[in-house]
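Structure first, then comments.
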Amino acid sequence: MSWRKLSSRSVYENDWMEVREDAVINPGGGENLYGWIHFKNRAVAIVPLDEDEHTWLVGQQRYTLGTYSWELPMGGAPLDEEPLAAAKRELKEETGLTAERWTELMRLHTSNSITDELGFVFLAEGLTAGEPEFGDTEDLEIRRLPLREALALIETGDITDAMSVAALLGLAARR
């Protein structure tokens, strides 16, 4: 048996997301409520990689975690924007970098038990440096480091962002 939706209602909504509560019949046949989040953007993350096998991370204080987070450059792609166009914009905004070559590495669901958010990960190569163009809510620290050191930061727990972990490990598996 699969999930069956009996009814659905919006509990909260803003420009970026909507929280919904659905009355459902679960796969075991029981009735219950299921809360979930619909995002109005897709997530995009970028692994910038130069000819020396160095990548870039951005660090910032994450309100939801109450702690500092090191992660790949990333952001949101409105549903009417191509994910690659958003990735190019986010890379420039957060690091100042532009890239000649782009490869889609993967698509992933960021937390499929509570959200329908779809994420895209791109590899950016042929990099040219420039000035970052931070958004109003961004106060980022930019760090260039060897790819192998970024992978070690996953092992030590210094990178915990799910898209960053998946992207870096996915790239390493291809090399």
Quiz item: If you go through the stretch 1-27 one residue at a time, how many are small (G, A, S) and modelled with pLDDT under 95?
Solution: 1
Practice problem: Out of the residues in the stretch 116-175 that are of a type in the set (K, R) and modelled with pLDDT under 95, state the one that is farthest from D50 (Cα to Cα). | Solution: R174
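Matching residues to (1) in contact with a strand residue (DSSP E or B) (Cβ under 9 Å, 6 or more places away or on another chain); (2) basic (K, R); (3) surrounded by fewer than 16 Cβ atoms within 10 Å (Cβ to Cβ):
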position: R4; (1), (2), (3): yes, yes, yes
position: W16; (1), (2), (3): yes, no, yes
position: V24; (1), (2), (3): yes, no, no
position: E31; (1), (2), (3): yes, no, yes
position: K40; (1), (2), (3): yes, yes, yes
position: T55; (1), (2), (3): yes, no, no
position: G66; (1), (2), (3): no, no, yes
position: A77; (1), (2), (3): yes, no, no
position: D80; (1), (2), (3): no, no, yes
Quiz item: Do we find a residue being in contact with a helix residue (DSSP H, G or I) (Cβ under 6 Å, 6 or more places away or on another chain), surrounded by fewer than 19 Cβ atoms within 10 Å (Cβ to Cβ) and closer than 25 Å to Y63 by Cβ anywhere in the stretch 147-156?
Solution: yes
Exercise. Might you check whether a residue that is assigned by TED's automatic domain parsing to the domain that holds D158, in contact with a Lys or Arg (Cβ under 6 Å, 6 or more places away or on another chain) and hydrophobic (A, V, I, L, M, F, W, C) occurs anywhere in the stretch 69-92?
Key: yes
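So that you can scan it fast, the table gives a plain yes or no per residue for (1) of a type in the set (A, V, I, L, M, F, W, C); (2) more than 30 Å from E21 (Cβ to Cβ):
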{"site": "D52", "(1), (2)": "no, yes"}
{"site": "G75", "(1), (2)": "no, no"}
{"site": "T95", "(1), (2)": "no, yes"}
{"site": "T98", "(1), (2)": "no, yes"}
{"site": "L108", "(1), (2)": "yes, no"}
{"site": "S111", "(1), (2)": "no, no"}
{"site": "V121", "(1), (2)": "yes, yes"}
{"site": "D136", "(1), (2)": "no, yes"}
{"site": "E155", "(1), (2)": "no, yes"}
Practice problem: Check off (1) surrounded by 15 or more Cβ atoms within 10 Å (Cβ to Cβ); (2) within 18 Å of A166 (Cα to Cα) for E104 and give me the number that stays unchecked. | Solution: (1)
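The values are calculated or read from the model by the stated rules, or taken from the named source; none is laboratory data. Fair warning: this is a prediction, and the values are worked out from it, not measured in the lab. Note that we place each Cβ from the backbone using ideal geometry, even for glycine, and neighbour counts take in every protein chain shown.
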